[in-house]
Amino acid sequence: MIRLDKFISDACAKTRKEAKALIKSGRVCVDGHIVTSSDHRIGEDANVTLDGKKISYEKFVYIVMNKPKGVVCAAKDKNVGTVFDILPQELVRKGLFTVGRLDKDTTGLLIITNDGELSHSLLSPSKHIEKEYYAEGSGKLCENAEELFREGMSLGELKLRPGRLRVLFSDETQAKVMVTISEGKYHQVKRMLYEVGITVTTLKRTRFGALSLDPLLAEGSARPMTAEEVELLSCSRNI
């Protein structure tokens, strides 16, 4: 059993004070009946609505977003928009965070959850979970670029784990490539490609572990993960 104000607060990303006000105003119904008492207790199977719309409560939520350019992976930022500013209101919950980060100008697959254990497992350096990126850039790709990725590149004093580079197109002035890495250092993909002659102009994450970006998910959109997608993430952390 859970207090109604806590249920509303957690499920709707409201403060406890805001939740109490919603309940007191008569906007909340439990099993078809208006309830105005904040300390009313409900079970997990209770049918709760706010302004006639059903509210569901789950301990853990898993969201996939096709991150657009121009927003950052932070809870708040006074200078620029965040991924949480564009998250559909019906997906907003307390305690959400991104699993890792994508740069402001990087697009693609982003995982948002409140499951700290899963996030820790997916980001643990000991797991070596792969991330795949599509990149476009200007410049001439050096001849031994793929070999340098396979051997494990050095960026100053930083020694990187071996990665993979697959060239989709390359000429004297530009290149389109797929990059696979198992780390997440600062601007890693951009820095690695710069070392082999390419200045990145477009970068998109297409895969995180066993989970690939849904081609039907438009840039800037987000949705709850399917059970199959959550299972793919769970399989990734157990590799």
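The values are calculated or read from the model by the stated rules, or taken from the named source; none is laboratory data. Given the structure is predicted, the values throughout are model-derived calculations rather than measurements. Here the Cβ positions follow ideal geometry from the backbone for every residue, glycine too, while neighbour counts run over all protein chains shown.
When the residues of segment 64-80 are narrowed to those that are of a type outside the set (A, V, I, L, M, F, W, C) and within 15 Å of S221 (Cα to Cα), which ends up surrounded by the most Cβ atoms within 10 Å (Cβ to Cβ)?
The residue in question is K67.
Somewhere in segment 65-82, is a residue among the charged types (D, E, K, R), more than 27 Å from I181 (Cβ to Cβ), part of a loop (DSSP other than H, G, I, E, B) and in contact with a strand residue (DSSP E or B) (Cβ under 8 Å, 6 or more places away or on another chain)?
yes
Among the candidates L118, L109, L102, which residue alone is in the same structural domain as M225 (by TED's automatic domain parsing), of a type in the set (A, V, I, L, M, F, W, C), part of a loop (DSSP other than H, G, I, E, B) and crowded, with 19+ Cβ neighbours inside 10 Å?
L102
If you check V64, V83, V92, which single one turns out to be out of contact with any helix residue (DSSP H, G or I) (no Cβ under 9 Å at 6 or more places or on another chain) and among the hydrophobic types (A, V, I, L, M, F, W, C)?
V83
Applying the selection to segment 20-29, what residues are of a type outside the set (G, A, S) and touching a Ser or Thr at 6+ places or on another chain (Cβ under 8 Å)?
K20, I23, K24, V28, C29
Considering only residues that are of a type in the set (S, T, Y) and at pLDDT 90 or above, which ones fall in segment 17-70?
Those that are of a type in the set (S, T, Y) and at pLDDT 90 or above: S25, T36, S37, S38, T49, Y62.
Only one of (1) in contact with a Phe, Trp or Tyr (Cβ under 9 Å, 6 or more places away or on another chain); (2) more than 27 Å from T206 (Cβ to Cβ); (3) touching a residue at least 60 places away in the same chain (Cβ under 8 Å); (4) not small (G, A, S) fails for V92. Which number is that?
Every condition holds for V92 apart from (2).
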